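My questions will all concern the structure given below.
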Amino acid sequence: QSKAKGRNAICFFDSSMQEILEKRGQLETALRGALERKEFLLHYQLQMDSSGRPIGAEALLRWNNAKLGSVSPVQFIPVAEESGLILPIGHWVLETACAQLARWQSDPRFNRLCIAVNVSAIQFREAAFVAKVRNVLQQSGIQPWLLKLELTESLVLDDINDSILKMEALKNLGVKFSMDDFGTGYSSLSYLSRLPLDQLKIDQSFVRDITTTDQHDAAIVQTIISMALSLGMEVIAEGVETEEQREFLDLRGCQAYQGYLYAKPMPIEELEIKLAQLT
Ligand code: C2E
Ligand code: MG
Ligand code: MG
Ligand code: MG
């Protein structure tokens, strides 16, 4: 009897592994050709300064597939990275965000707003990454400082020397940098000071608990803000959902905010309506 049980357990394990692999394969198959079928779009999430003025938006990728429906980037980005498909997809994101900045450039209501774009490690490590960004900047004709590239700690630290070289080359073009999900990785102060970063983005996992239970998270947030300010970087908090969180952050010197308190990620038409109401 126990043998039969054991065999069942193995079967169960196998079939769930198989399910994961099948799901992954299914995603990868559907991802191939998704660009050509125009299944991607960008949503934009408002970013505000501490006096309640809009400063820009983060571009967040959305994927709608006929068979799979709407798939979260949390699910499909890892598959896109493993399959290499993130290269053309990431390039499309960059081009689309810069085309949006170019449209905003001729509209006095929106021409000072920046757009933040998430960059995958696979993209950033590509030898041609700097050249690709330069081409997109030239083709779109935008003011480069309106484009902010979001990198993560693990991406940057994975090859710190290559990261610094590429970041400096891009800084020379005028592009801005933000360190996304900050606090979840292992950046030391000495690394951080070597990087030409313009902004630190406090990860939402810290923001979530600051005003309620977690004394540690509150202390970490305080430390991140002090550190960023002393290094001359701007601090933005992501995942801000309540007025209490905003106030806690504001009292400690946080300069910018992003989260459901202000707006969810939304199609550009909706964001523009929202922006027009705010300005
Ligand atoms: P991220 O860059 O840290 O983006 C923030 C995520 O938090 C977004 O999830 C956003 O919708 C969500 N969020 C914003 N405000 C709040 C809030 O107040 N509360 C809560 N609970 N969540 C909030 P989303 O859009 O599902 O994206 C997830 C992740 O997928 C992103 O995290 C980013 O790592 C990745 N991603 C999205 N678009 C792209 C892209 O174009 N390229 C790459 N490489 N990665 C992307
Ligand atoms: Mg981001
Ligand atoms: Mg983030
Ligand atoms: Mg995050």
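Taking amide H positions as placed 1.01 Å from N in the peptide plane, with prolines and chain starts having none, which residues 5 or more places from Ile55, or on another chain, fall under 5 Å of its amide H?
Gln47, Met48, Asp49
If you don't mind, there's one more thing I want to ask. I'd like the Karplus ³J(HN,Hα) series for the stretch 230-246: coefficients 6.51, -1.76, 1.60, θ = phi - 60°, whole numbers in Hz, and an x wherever there's a Gly or Pro.
Computed from phi, the couplings for the stretch 230-246 are 6, 8, x, 9, 7, 10, 10, 9, 9, x, 6, 10, 10, 4, 4, 4, 4 Hz.
A follow-up question, please. Using a 7 Å offset from the Cα along the Cα-to-Cβ direction at both Ser51 and Asn135, what is the distance between the two label points in nm, to one decimal?
In this crude label model, Ser51 to Asn135 measures out at 4.2 nm.
Still on this structure: Count the lysine pairs in the chain whose Cα atoms lie under 14 Å apart, taking only pairs 8 or more positions apart in sequence or on different chains.
Lysine pair count for the chain: 8.
Let me ask something else. Nearest 0.05, what FRET efficiency do Ala66 and Glu19 give at R0 = 22 Å with Cβ-Cβ as r?
0.50
Related question: Tell me, what is the percent relative contact order of the chain, built from C-alpha pairs under 8 Å that lie six or more residues apart?
In percent, rounded to a whole number, it is 18.
Compute the length gained on full extension between Ser226 and Ser205: take 0.36 nm times their separation in residues and subtract their Cα-Cα distance, giving the result in nm to one decimal. Write out the running numbers ahead of the final one.
Details: separation 21, 0.36 × 21 = 7.56 nm, distance 1.83 nm.
Value of the extension gain: 5.7 nm.
Taking Cα atoms of the chain, Rg/Rh with Kirkwood Rh, to two decimals?
Ratio value, two decimals: 1.01.
Using a 1.4 angstrom probe, figure out how much accessible area the stretch 152-257 has per residue, in square angstrom, rounded to the nearest whole.
Per-residue value: 46 Å².
Amide H of Met266 versus every other amide H placed in the peptide plane: which residues, excluding those fewer than 5 positions away on the same chain, fall under 5 Å?
Tyr44, Gln45
Determine ³J(HN,Hα), in whole Hz, for all residues of the stretch 94-110 in sequence, where each value follows from phi through the Karplus function 6.51 cos²θ - 1.76 cosθ + 1.60 and θ = phi - 60°; x replaces Gly and Pro.
4, 4, 5, 5, 5, 5, 5, 4, 5, 5, 5, 4, 8, 10, x, 6, 10
Provide the FRET efficiency to the nearest 0.05 for the Glu247-Ser188 pair, computing r from the beta carbons and using R0 = 41 Å.
0.85
Principal axis extents for the stretch 87-177, Cα atoms only, whole Å, descending order, please.
40, 22, 19
Give me the percent of accessible area attributable to carbon and sulfur for the chain, probe 1.4 angstrom.
53 percent
In the chain, what percentage of the DSSP-assigned beta bridges are antiparallel, given to the nearest 5?
Within the chain, antiparallel bridges account for around 40 percent of the total.
The values are calculated or read from the model by the stated rules, or taken from the named source; none is laboratory data. Everything numeric in this text was worked out from a predicted model, so none of it was measured. Every residue, glycine among them, receives a Cβ derived from its backbone with ideal geometry; neighbour counts consider all protein chains shown. Note: accessible area is taken over every heavy atom of the protein model, side chains too, but ligands, DNA and RNA are not part of it. Shrake-Rupley method; radii C 1.70, N 1.55, O 1.52, S 1.80 Å.
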